[in-house]
Each structure stands twice: as C-alpha cells, then as structure tokens.
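Chemist: First, the structure itself, so that you have it in front of you.
The values are calculated or read from the model by the stated rules, or taken from the named source; none is laboratory data. Quantities reported herein were computed from a predicted structural model and do not represent experimental measurements. Backbone-built Cβ (ideal geometry, glycine too); neighbour counts: all protein chains shown. Keep in mind that these areas ignore ligands, DNA and RNA; they rest on the heavy atoms of the full protein, side chains included. Shrake-Rupley method; radii C 1.70, N 1.55, O 1.52, S 1.80 Å.
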Amino acid sequence: MSFERKKILVLGAGYAGLSTVTRLQKVLSFQDADITLINKNEYHYEATWLHQVAAGTIHWEEAAYPITSVINTQKVRFVPAEVTAIHRDEQRVETNQGEFEYDILVVALGFESETFGIEGMDQYAETITNSETAVAARQEIERNFANYKTSNDPRDISILVGGAGFTGVEFLGELTESIPALANQYNINYEDVKITCVEAAPSMLPMFSDELTQYAVDYLESKGIEFKIGTPIVAANENGFVVKVNDEETQLEANSVIWTAGVRGNSLMEESFEGAKRGRVVTKPDLTIEGYDNVFVIGDVAAVMNGEGEDARPWPTTAQIAMQMGDHAAKNIKDKINGERMAGFSFDDKGTVCSLGSDEGIGVVFGREVKGRRAAFLKRVVDTRAVFKIGGPFLAYSKGKFL
Ligand code: FAD
Ligand code: NAD
C-alpha cells in the first residue's frame with residue numbers, strides 16, 4: 001500500500017463518471033486518495049430518458065438529480081466547471097474555473113450529436129443530446145403547435161424525425177403519447193398532425209429480428225407515424241429536411257425538425273488526444289490508454305474493442321456499458337494504488353430494450369426476445385436499476401419508474 005495520497009480527477013458525471021466515483025468512495029479511504037469530480041452542471045441527467053423530455057412525457061427535472069446527493073462529500077470534492085483542455089504530459093486539466101492537477105485521471109465526458117457534416121443540420125434541427133437540447137426540442141414543437149392557431153400552416157403541426165435508430169424510435173413512441181394531448185390542448189385535430197420518421201438504411205433496428213422490428217413499425221404506424229425508409233437526409237433548411245433517393249432530391253416540409261441520426265464522443269477528445277476519431281479514443285483492455293497508464297477513458301468517449309485482431313470492433317456506446325466501465329475503472333484504480341496488477345475489462349451484456357412509449361416496447365433480455373407490455377415493464381426495471389446502482393435505494397425510490 002502506498003502512503004502517498006493520490007490525486008484522482010474524474011471528468012464528467014454521466015453514467016461512466018458517476019459509476020466510477022460512487023464506487024471509488026466505497027473502496028478507497030480518505031487517506032488513500034484525494035478525489036475530485038468535475039462536471040458542467042450541478043446535476044446529473046439520465047441521458048437514457050432524454051427522449052421522454054424531448055417529447056414532453058416527463059419534465060426535465062424528473063430525469064435529473066443533484067450530483068451532491070450521490071457523492072460522499074467527506075471523500076469526494078465536487079466542482080461544477082466546464083473542462084476546456086486536458087494536458088496528459090503535464091498531468092493537468094484546464095476548466096473555466098481554473099486548473100486541476102492529477103496523479104490519476106478518468107475521462108468520462110460523454111456524447112454529442114453527430115451530424116456527419118450534413119449541410120444546415122446544426123442550424124435548423126434540434127437534437128436529443130443533453131437536458132438543454134431535449135427541452136429545446138420540446139419547446140420547439142410546443143411553440144409551433146401554439147402558432148398553428150394563427151398561421152393555419154400545416155408545417156406548424158408537422159414533425160420530422162431524422163433517423164430510426166434507438167433514439168429516434170423511442171422518441172417516436174413518446175410522441176404517440178404526448179402529441180395527442182398537445183393537439184387537444186390547442187384544439188387541433190390529431191388526424192391533421194403529421195409525424196414522419198426518415199431513415200437512410202433499407203431497414204431499421206438491425207440488431208433485432210425482423211419480427212420484433214416489424215412489431216415496432218406496426219405499432220408506431222397504428223398510432224399515425226409515417227416511415228420513409230431507405231431515404232437518406234442530405235440537408236436541413238428552414239423548411240425541413242432535403243432527402244435524396246435515386247439521385248432525386250425532395251424537400252420534406254415541417255417546422256419541428258429533430259435529428260436523432262447519430263452520436264459521437266465529446267469533441268474535446270480530438271483536441272486533447274491525438275488519434276481520437278469521432279470523439280472516441282481506443283483504450284487498452286484495462287481502460288487506460290497507450291503510453292499513459294494513469295489515464296482512464298470510459299463511457300461514450302472510449303472505443304473499447306470487443307476482442308483482438310482484425311475482426312475486433314468497438315463495443316456500442318450505451319449507458320449499460322458506460323456504467324460497467326465506471327465500475328471497472330474504479331476497481332483498477334484501487335489495484336493501481338495498492339500496487340496490484342490491473343485487470344482487463346469484459347462487457348456483461350444483459351440485453352437491450354427499446355421502448356415504444358410507456359406501455360409498449362421490444363427487446364432482447366438475457367438472450368430472450370420480449371415485446372409489448374412485458375418489454376415496457378423491463379424497460380422500467382432497467383431505468384430504475386441504473387438509478388439504484390448509482391444512488392442506492394433512496395434515489396431509486398424518489399427517481400425510479402415504479403412510483
Ligand atoms: P454522458 O451520459 O453523456 O455524460 C457525460 C457527462 O459529462 C454529462 O454530465 C455532461 O454534462 C458532462 N460533460 C460533457 N462535457 C463536459 C465538459 N466539457 N466539462 C464538464 N463536464 C462535461 N443506453 C443504454 O444502455 N440504454 C438505453 O436505454 C439508452 N437510451 C438512450 C436514450 C437516448 C434518448 C439517448 C440519447 C441515449 C441512450 N442511451 C442508452 C445511450 C446512453 O445514454 C449513453 O451511452 C450514455 O449516456 C453514455 O454515458 P457517459 O457517462 O459516457 O456520458
Ligand atoms: P444510431 O447511430 O444507433 O442510429 C442512427 C440512425 O440514423 C441509424 O438507423 C442510421 O441509419 C440513421 N441515419 C444516419 N444518417 C442518416 C441520414 N443522413 N439520413 C437518415 N437516416 C440516417 O444512434 P442513436 O439511436 O442515437 O443511438 C446512439 C447510441 O445510444 C447507440 O449505441 C444506441 O445503442 C444507444 N441507445 C440505446 C437505447 C436503448 O438501449 N434503448 C436508446 C437510445 C440510444
């Protein structure tokens with residue numbers, strides 16, 4: 001055991017960063033380490049609930065809690081600040097609240113929207129990336145519905161969703177619940193509302209069987225959603241999306257335009273780590289990076305390979321894996337401080353559930369396919385478990401999805 005009190009700095013209080021810190025505070029004593037957590041906001045938001053915030057089925061505060069409510073302030077110092085640069089060779093981090101030095105660094109700065117350089121997307125489309133953007137998406141839809149009374153412009157009650165990945169599909173599921181209520185509030189006939197999802201690939205949700213995917217499509221179509229599959233979006237403008245099929249460009253019109261067609265790691269990663277691609281850095285199996293065995297990179301900013309050799313691919317970026325990485329990084333930090341060998345990370349995939357609103361869903365859990373209410377129930381279990389794992393029973397009671 002080393003008698004030097006190590007300075008551990010954790011950047012980001014999402015699933016990865018909070019999992020690291022809440023475990024470190026259990027396994028390390030005050031004498032072992034001086035732990036500092038830095039995060040942009042004073043609160044943690046449940047990124048996996050943001051589609052609900054964006055659709056308006058929950059208020060953003062329901063999906064957030066103060067970071068200090070889950071950390072042991074006797075052992076961990078929390079600093080609300082924005083990280084602006086990471087200097088690995090000098091072992092220091094710059095923020096808008098000053099500089100911080102470290103012996104051990106954990107980078108867990110999370111995801112951003114990826115627009116793939118599509119013209120106009122940054123300017124004209126809303127995204128579902130953090131609590132502010134999710135609230136902005138909801139406000140945009142609400143503003144346009146309110147405007148319809150005077151404008152009578154069908155574009156005010158038309159919503160375009162770009163991408164039918166998990167985020168897009170879960171968002172559509174929530175819209176089927178919130179938009180009828182919003183239409184009712186503004187005396188708009190729901191039949192007149194147009195919600196269209198535009199997907200580039202020839203099929204959607206390829207990780208599920210055709211039967212499960214068809215179940216989701218049938219359900220959403222029965223609620224009035226229109227899908228345009230095999231239809232790449234090539235631009236966004238003040239009228240909506242421009243799509244291109246068979247070399248022909250078509251304008252799809254709507255005043256509420258939400259881009260859910262991809263994510264990337266935090267752009268700060270490219271600025272601070274050479275070789276970072278789309279905001280992700282390849283890690284070694286122990287979650288540190290080449291040449292720096294005191295720098296852990298975890299969560300959506302990490303590209304952790306699922307094996308070795310040419311066929312190895314990075315694990316998908318999910319909250320499930322981000323939390324497991326956080327736990328693993330904390331164990332390795334403890335071992336490192338104790339002079340023990342750090343272990344390689346392995347992902348324990350418990351499955352995936354895609355919600356379609358509060359009462360429907362599809363998924364594969366422990367290798368078994370589920371759909372309908374059972375899937376929706378399991379999604380609530382997954383969401384509540386995430387809160388429980390970080391904040392324990394009290395947080396699960398106050399924030400979980402069963403009360
Ligand atoms: P994040 O959750 O992005 O956290 C990063 C933290 O860092 C944030 O608190 C942020 O404020 C902070 N931060 C960022 N930049 C700075 C800075 N410069 N300075 C200081 N702090 C900063 N995954 C699943 O496994 N299951 C799901 O059901 C699921 N549903 C999802 C639903 C939606 C709508 C979306 C968008 C994603 C979903 N995901 C799901 C994916 C999951 O949310 C991400 O993989 C997960 O959030 C990654 O966790 P993280 O801790 O790496 O990053
Ligand atoms: P994604 O990359 O998984 O899906 C994006 C979709 O947009 C794809 O279907 C893609 O073909 C489509 N697309 C890309 N470019 C397009 C274009 N120009 N025009 C039209 N369509 C286009 O992104 P996501 O859904 O935001 O998911 C991000 C990560 O978060 C993934 O790892 C996912 O597994 C995870 N996630 C998980 C859940 C869950 O487990 N329930 C929910 C949301 C997100």
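Chemist: Write down the Kirkwood hydrodynamic radius of the range 269-317, to one decimal in angstroms, obtained as one divided by the mean of 1/r over all alpha carbon pairs.
Modeler: Computed over the range 269-317, the radius equals 11.0 Å.
Chemist: Another question about this same structure. Residues with beta-carbon under 11 Å from that of Ala16, excluding Ala16: net charge, scoring Lys, Arg +1 and Asp, Glu -1?
Modeler: Computed value for this residue: -2.
Chemist: Tell me, in nm to one decimal, what length is gained between Lys244 and Ser398 on full extension, where the rule is 0.36 nm per residue of separation less the Cα-Cα distance?
Modeler: 50.8 nm
Chemist: Follow-up question, since we're still on this one. When Lys and Arg each count +1 and Asp and Glu each count -1, what net charge do the other residues less than 15 Å away from Glu94, Cβ to Cβ, add up to?
Modeler: Its environment carries a net charge of -3.
Chemist: With all pairs of different alpha carbon atoms counted, what Kirkwood hydrodynamic radius in Å does the range 121-261 show?
Modeler: Across the range 121-261, the inverse of the average 1/r is 15.3 Å.
Chemist: How many lysine pairs in the range 121-261, separated by 8 or more positions in sequence or lying on different chains, have Cα atoms less than 23 Å apart?
Modeler: Number of lysine pairs found: 5.
Chemist: In square angstrom, what is the accessible area per residue of the chain with a 1.4 angstrom probe?
Modeler: 47 Å²
Chemist: Tell me, what is the FRET efficiency for Arg313 and Asp192 to the nearest 0.05, using R0 = 56 angstrom and their Cβ-Cβ distance as r?
Modeler: About 0.80, to the nearest 0.05.
Chemist: Does the range 292-381 come out rounded, prolate or oblate, given a ≥ b ≥ c as the square roots of the eigenvalues of its C-alpha gyration tensor, rounded meaning a/c under 1.5 and, failing that, prolate meaning a/b above b/c?
Modeler: Cα axes put the range 292-381 in the prolate bin.
Chemist: Under the Kirkwood approximation applied to all pairs of distinct alpha-carbon atoms, what is the hydrodynamic radius of the range 1-156 in Å?
Modeler: 17.9 Å
Chemist: In addition: Let's test the formula: R0 of 51 Å, r as the Cβ-Cβ distance of Asp349 and Thr150. What FRET efficiency results, to the nearest 0.05?
Modeler: 0.50
Chemist: Using a 10 angstrom cutoff on alpha carbons, build the Gaussian network for the chain and name the most mobile of Gln185, Gln139, Gln251.
Modeler: Taking springs between Cα atoms under 10 Å, the residue moving most is Gln185.
Chemist: Can you list the HN-Hα couplings for the range 142-151, worked out from phi with the Karplus curve (6.51, -1.76, 1.60; θ = phi - 60°), rounded to whole Hz and with x for Gly and Pro?
Modeler: Taking θ as phi minus 60°, the curve returns 5, 4, 5, 5, 5, 5, 4, 4, 8, 7 Hz for the range 142-151.
Chemist: How far is it, in nm, from the label point at Glu62 to the one at Asp335 when both lie 7 Å from their Cα along the line to the Cβ?
Modeler: 4.1 nm
Chemist: Subtract the Cα-Cα distance of Asp122 and Ser267 from 0.36 nm times their separation in residues, and report this length gain in nm to one decimal.
Modeler: 50.8 nm
Chemist: What lysines sit close enough to Lys399 to cross-link, taking a C-alpha to C-alpha distance under 26 Å and skipping anything fewer than 8 places away on the same chain?
Modeler: Those lysines meeting the cut-off are Lys26, Lys40, Lys75, Lys350, Lys371, Lys379, Lys389.
Chemist: If you don't mind, another one. Excluding Ser178 itself, what net charge comes from residues whose Cβ is under 12 Å from its Cβ, given Lys and Arg +1 and Asp and Glu -1?
Modeler: With Lys, Arg at +1 and Asp, Glu at -1, the net is -1.
Chemist: Given R₀ = 25 Å, what would the calculated FRET efficiency be for Gln139 paired with Asn184, taking r from the Cβ atoms and rounding to 0.05?
Modeler: E(calc), rounded to 0.05, equals 0.85.
Chemist: Okay, next question. Which residue fluctuates most in the GNM of the chain (Cα springs below 10 Å): Gly361, Gly265, Gly224?
Modeler: Between Gly361, Gly265, Gly224, it is Gly224 that shows the largest mean-square fluctuation.
Chemist: Roughly speaking, what is the stretch gain from Ser222 to Phe377, that is 0.36 nm per residue apart minus the C-alpha to C-alpha distance, in nm to one decimal?
Modeler: 53.7 nm
Chemist: Check each of the GluC sites (Glu not before Pro) in the range 322-376 and keep only those in coil by DSSP with at most 14 other C-beta atoms within 10 angstrom; list them in order.
Modeler: Here the GluC sites (Glu not before Pro) that fit, given the DSSP loop and packing criteria, are Glu340.
Chemist: Where the eigenvalues come from the Cα gyration tensor of the chain, what are the semi-axes √(5λ) of the equivalent ellipsoid, largest first, in whole Å?
Modeler: Taking √(5λ) for each Cα gyration eigenvalue gives 39, 22, 21 Å.
Chemist: Using amide H atoms built 1.01 Å from N in the peptide plane, name the residues 5+ places from Val234, or on other chains, whose amide H lies under 5 Å from its own.
Modeler: HN-HN under 5 Å from Val234: Val242, Val243, Lys244.
Chemist: Let me ask another. Tell me the carbon and sulfur percent of the accessible area for the chain, rounded to whole percent, probe radius 1.4 Å.
Modeler: Carbon and sulfur together cover 47 percent of it.
Chemist: If the cut-off is 18 Å between C-alpha atoms, which lysines fall inside it for Lys284, apart from same-chain ones fewer than 8 positions away?
Modeler: Partners found: Lys331, Lys334, Lys336.
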